[in-house]
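What follows is one structure encoded as structure tokens, with my remarks underneath.
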Amino acid sequence: MRKFGYFLLYVCLGAVAVFQIFPVLWLFLFSLKTNQEIFAGNPFALPLDPKWENYVKVFEGGIDTYFWNSIWITVVATVLTVLIASMATFAITRMKWKFSSLVLGIIMVGLMIPIHSALIPLYNMFLNVNLIDNPLSIVITYVTYNLPITVMILYGFYTTIPREIEEAAIIDGSSVHRLFFRIILPISAPIMSTTVIINMIYNWNEFVFVNTFISSDKYKTLTVGIQNFIGQYMTDWGAIGATLVISVLPIIVAFFFFSNKIMEGITASAVKG
Amino acid sequence: MRFKKAITFSVVLFILSLLLVACGGDDGDNGDTDSATSDTGSGNVKTVKFMHLWPEGSSAKHHQVVNEIIEEFEAENEDIKIDLEVLSNEQYKDKITVLSTSNELPDVGFTWAAGYMEPFVNGNKFAPLDDVVESDLADDFVAGTLEAFSVDDVTYGLPLELNISYIFYNKRIFEENGVEVPETLDELIEVAEVLNENGVTPIALGNRDAWTGSMWYMYLADRIAGDEDVLTKAIDREISFEHPALIQAGEELQRLVDAGAFVQGFNGLADEEAKSMFTSEQAAMYLIATWDLPNYTTNEDIPQEFRDAVDYFPFPTVNGSGDMTSYVGGPGVGLFVAENSDVKEEAKKFASFFVQQWGVKAVEDVGVIPATKVDPESLDLPQMYTDVLNDLNDATNITLYVDVQTSPSTAQVHLDMIQSLFGGEITPEEFAETHENTLASEE
Amino acid sequence: MGLNCMNKVMSNKWIITLYILPALLLITILIVIPLILSGYFGLMKWDGIGAMEFIGLDNYIVALQDSKFWQSALHSFLLAIFSALSLIGYLAVALILASKLKGTNFLRKIYLIPMLLSSVAIAQLWIKVYNPSNGMLNSILRMIGFENPPAWLADPNIVLYAIFIPIIWQYAGFYILIYYAALKNIPESLIEAARIDGATPLQIALKIKVPLIMNVFKVTIVLSIVGSLKYFDLIYVMTGGGPNGASEVMASYMYKLAFSSYNFGYGSAIGFLLLIITLIVTVIIRKLTATDEEIQY
């Protein structure tokens, strides 16, 4: 009976897995099709005559600059966000001061802003400090707009860290910085990896800010490569598919890497905790 | 103590940033003077910023011809450099909005006609271009196109495209099902019924974008009213939108829908999905404007058998009423020059040069019908282009798309109402009434 | 003496400032100020292009009587409710993935893959799923005998729910990932102790694991509701809020007003109301879910 239960569970889990992996396979097939096959053909069908030239088109479109921009902007913004958010969450949850809930409240308000409300004021600000068409504006915006969600995720976790850990550290004469960098950060490695993954995905796929603040080709990111194939009257969906496939690969690699980090973090914290 | 300092510091920063924002809101010209000094700083070469919406990936030929024109212009004018930015359609519109709020419009850019353009003209963002038209381009444009880019008889845009719409159809499907090209609405409904009985989708329609459905409504209104351009008159407030012809057009439209003329679920389909159904021979007819001509003639991505099978017919009469040489269409995009440009003269020069060169190259190299006059005899064109150009010469009337004619907010109401009319959720009377109220409230 | 010293160190104002200031400054300048400005634009009659004209609270008063706004607000609320309910399912999946079952490490990675895809890709996938004539869903429905399956995105009575499914699915990975990390962080010793006491896996999950990650769960409730109330992406790409507003949500309505209708003042007012509504809802949720902030191991 019990064995049958497990069998059933695995069947369900397997079915869900197929359902979840399907989009990536579908996307790959999509990238090899013509517009006709994409819109009018059977969606399950294999492309009749795989259009590898969709990939050629993407590379001819000068994707490499976009690619590097995407990588460095994503990495810098993600590192900064997670670091600044960790520091803020640490101060809010572990330190003792009057305004901590007020500050948490302000940060939570940041969750609620619809980006299209912010677009015009932001543009104006960056214009006034001469940061329009400067990748710095993108990095700063990414960091800021991902801070609230990152703090919130970390917050749920930080409140569960036992007080004894820091008491022990402080009584041993550790400074607050040492406590934060050497003890709290390593303990929170699993949840930090989680926020890294989430930040990475958000930054990697963002395009509204890039399109608005950046005008030179040399600073644009991969998502702009997608825009390249959207036309006034016609859109080349196969090429968009190819761009999406190329752009999702690095993120899958990074995801698997950090996904394993979640496990490593646990062993680390198990030793310390 | 340190804490106090930090707080003071952050408060000061906060106030400073507020001030920065406030200044920016009050006069956005700050940014402009900055760019002007940097322009003159680099010798005597002046930079003209130009934004367009034909990305290389999706509009390779457009993109290439634009680049050729820019090269030629720069070769002729060594003291002017063109600084180019390309965005896709939606992104372009959004960015233009953001830029205009900060007075940062590019020196030359694309705009749409009439309703889209009006707020920019009223806000003093576009420069009047009458001098350019008079000196360089007099008599170059097809009648009516320049008017669509004028407000109070002053021209603010130089049109680049001219499109009219037809019903394109698949000759092979028509033959296989033994149906003829319809000349009246009743015949069209009969064709649809025969096709439906034989399991063929009669008309592909992607009404998620609603401007597609709007063209159907507009044609019906045009045919029913005959010589009188009731739609334009109603929008200009010369007559009420509750005119009998405009209500009857809604009724006829719902008759078409009820006869099953359109593909199932059209209100959830994008125009692109509908187009692909037509080009993959899953639907017999498709109403679209002439910007689609390359797909039926020269576009190698579309199967040759299909391109051989496709032809077009003008929208049928409503049982004898209406003139088949009257079209729904109009100029697509045009060029504007920014009013606050620091290099206005150079920008105008470029815009004028661009329009002239575009007129020469558009049909042959890109497959776009320009708003400037073209002589079909002098060019080596696919037959369909020659036919369309001849039709254009014989056209008695071109009614500009409702969503272009009206203000952007009325256009939105119109598009929403079109979806509801097609979906049968409102009656033709309610449809007309809502339009009348919206238009009246804008007066 | 130890505790005293601890309190002193942990309430050092300079250090607190140092840790909080970067986040606070960025958020104040780049989020709070734009928010205030958008509230201020809401007081204007402004097309975003020409001159502004101060009209007081008119936009806000109009908005409160605007049936389209309330319709879109209702849709946003429905999405928020469905998203919040779906969290229970994600928690269940995370509990299974975090258990000692064989193969879960591999399965977990597969489960999270869809969240890596951008909205552009997800929208395209689901447009193909929902295509009325040759979409995946209707192909399957016809195969199993439904003669006239609905046109999912065209029917005003169905479209809203049809579009909720990809939205909720899109975020599945996000929440599962958070729950998973939280669950994996529970000290093994606690679970081991319960097991020795004879607790079944289900009991361990419900009585030990779930209570221990309650704080995380509460945060995700806030995240999912706030995220839903300002949701925009797939709605914009897949239906544009149509047909005739049947799938409009607050953010897409705001966007339409500001960027398509050039009613920038009014759009800003709607954006600001969106914020106020979200704020009120968040406060209510926090009140409802408030218990002891800390759970001691």
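The values are calculated or read from the model by the stated rules, or taken from the named source; none is laboratory data. Quick caveat: nothing in here was measured; it's all calculated off a predicted structure. Cβ atoms come from the backbone with ideal geometry, glycine included; neighbour counts cover every protein chain shown. Accessible surface is based on the protein model in full, side chains and every heavy atom, while ligands, DNA and RNA are left aside. Shrake-Rupley method; radii C 1.70, N 1.55, O 1.52, S 1.80 Å.
Brief remarks on what is shown
- Residues located in the range B:420-432, provided they are touching a residue at least 40 places away in the same chain (Cβ under 8 Å) and either facing another protein chain (nearest Cβ under 10 Å) or among the hydrophobic types (A, V, I, L, M, F, W, C) (or both): B:LEU421, B:PHE422, B:GLY423, B:PHE431, B:ALA432
- Of the candidates B:TRP211, B:TRP216, the single residue that is buried (at least 16 other Cβ atoms within 10 Å of the Cβ), within 22 Å of the chain's Cα centre (by Cα) and more than 13 Å from every other protein chain (Cβ to nearest Cβ) is B:TRP216.
- Whether a residue is outside any loop (DSSP other than H, G, I, E, B) and aromatic (Phe, Trp, Tyr) was assessed, and C:TYR262 does not pass this test.
- Pairs are defined by a Cβ separation below 9 Å, a sequence spacing of at least 6 or placement on different chains, a first member in the range B:373-388 that is exposed (fewer than 13 other Cβ atoms within 10 Å of the Cβ), and a second member that is β-branched (Val, Ile, Thr); the pairs so defined are B:GLU377/B:THR386; B:GLN383/B:THR297.
- Only residues that are farther than 17 Å from B:LEU220 by Cα and facing another protein chain (nearest Cβ under 7 Å) were counted in the range B:401-419, giving 4.
- Summed over the range B:279-294, residues that are open to solvent by less than 10 Å² (accessible area, probe 1.4 Å), within 9 Å of chain A (Cβ to nearest Cβ), within 20 Å of B:TYR401 (Cβ to Cβ) and in a helix (DSSP H, G or I) total 1.
- Flag for B:GLU251 being acidic (Asp, Glu), open to solvent by 30 Å² or more (accessible area, probe 1.4 Å), within 14 Å of chain C (Cβ to nearest Cβ) and assigned to a helix (DSSP H, G or I): no
- When A:VAL75 is tested against (1) surrounded by 24 or more Cβ atoms within 10 Å (Cβ to Cβ); (2) β-branched (Val, Ile, Thr); (3) within 27 Å of C:ALA182 (Cα to Cα), only condition (1) is not met.
- Count of residues meeting criterion [polar (S, T, N, Q), outside any loop (DSSP other than H, G, I, E, B) and more than 31 Å from the chain's Cα centre (by Cα)] in the range A:1-52: 1
- For C:ILE49, the conditions (1) part of a loop (DSSP other than H, G, I, E, B); (2) under 24 Å from A:MET200 (Cα atoms) all hold with the exception of (2).
- Some residue of the range C:24-42 being over 30 Å from B:LYS93 (Cα atoms), at the interface with another protein chain (Cβ under 8 Å from one of its Cβ atoms) and assigned to a helix (DSSP H, G or I): yes
- Flag if C:VAL210 is assigned to a helix (DSSP H, G or I) and under 19 Å from the mean Cα position of the chain (by Cα): no
- Candidates are the residues of the range B:335-351 that are surrounded by 21 or more Cβ atoms within 10 Å (Cβ to Cβ) and either assigned by TED's automatic domain parsing to the domain that holds B:LEU293 or in a helix (DSSP H, G or I) (or both); the one that is nearest to the chain's Cα centre (by Cα) is B:ALA351.
- Any hit, the range A:41-55, residues being open to solvent by less than 20 Å² (accessible area, probe 1.4 Å), within 30 Å of C:SER38 (Cα to Cα) and in contact with a Ser or Thr (Cβ under 8 Å, 6 or more places away or on another chain): no
- In the range B:349-369, the residues that are touching a residue at least 12 places away in the same chain (Cβ under 8 Å) and either in contact with a Ser or Thr (Cβ under 9 Å, 6 or more places away or on another chain) or within 18 Å of B:TYR92 (Cβ to Cβ) (or both): B:ALA351, B:SER352, B:PHE354, B:VAL355, B:GLN356, B:TRP358, B:GLY359, B:ALA362, B:VAL366, B:GLY367, B:VAL368, B:ILE369
- Qualifying residue in the range A:8-23 (condition: at the interface with another protein chain (Cβ under 10 Å from one of its Cβ atoms) and within 29 Å of B:PRO55 (Cα to Cα)): yes
- Residue in the range C:61-81 that is closer than 30 Å to A:VAL103 by Cβ, more than 25 Å from the chain's Cα centre (by Cα), modelled with pLDDT under 95 and assigned to a helix (DSSP H, G or I) present: no
- Members of the range B:120-144 that are within 14 Å of chain C (Cβ to nearest Cβ) and surrounded by 22 or more Cβ atoms within 10 Å (Cβ to Cβ): B:PHE120, B:VAL121, B:LYS125, B:PHE126
For every residue, the table says whether it meets (1) of a type outside the set (Val, Ile, Thr); (2) open to solvent by 10 Å² or more (accessible area, probe 1.4 Å).
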{"residue": "C:GLY198", "(1), (2)": "yes, yes"}
{"residue": "C:LEU202", "(1), (2)": "yes, yes"}
{"residue": "C:LYS207", "(1), (2)": "yes, yes"}
{"residue": "C:VAL210", "(1), (2)": "no, yes"}
{"residue": "C:VAL219", "(1), (2)": "no, no"}
{"residue": "C:LEU229", "(1), (2)": "yes, no"}
{"residue": "C:ASP233", "(1), (2)": "yes, yes"}
{"residue": "C:PRO243", "(1), (2)": "yes, no"}
{"residue": "C:LYS256", "(1), (2)": "yes, yes"}
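- Count - residues of the range B:261-275 that are more than 10 Å from chain C (Cβ to nearest Cβ) and not charged (D, E, K, R): 3
- Test: residue in the range A:257-268 that is farther than 30 Å from B:TRP54 by Cα, among the acidic types (Asp, Glu), at pLDDT below 85 and open to solvent by 10 Å² or more (accessible area, probe 1.4 Å): yes
- If you go through the range A:115-145 and pick out every residue that is in a helix (DSSP H, G or I) and on the phi > 0 side of the Ramachandran plot, you end up with 0.
- Selected residue (only one of C:ILE186, C:ILE221 is assigned to a helix (DSSP H, G or I), out of contact with any Asp or Glu (no Cβ under 7 Å at 6 or more places or on another chain) and β-branched (Val, Ile, Thr)): C:ILE221
- Count - residues of the range A:159-179 that are at the interface with chain C (Cβ under 9 Å from one of its Cβ atoms), within 20 Å of C:THR17 (Cα to Cα) and part of a helix (DSSP H, G or I): 5
- Candidate set from the range B:115-164 (those that are farther than 20 Å from B:LEU389 by Cα and among the small types (Gly, Ala, Ser)); member that is farthest from the chain's Cα centre (by Cα): B:SER135
- When we screen A:VAL224, A:VAL253, A:VAL248 for residues that are open to solvent by 10 Å² or more (accessible area, probe 1.4 Å), at pLDDT below 85 and part of a helix (DSSP H, G or I), the only hit is A:VAL224.
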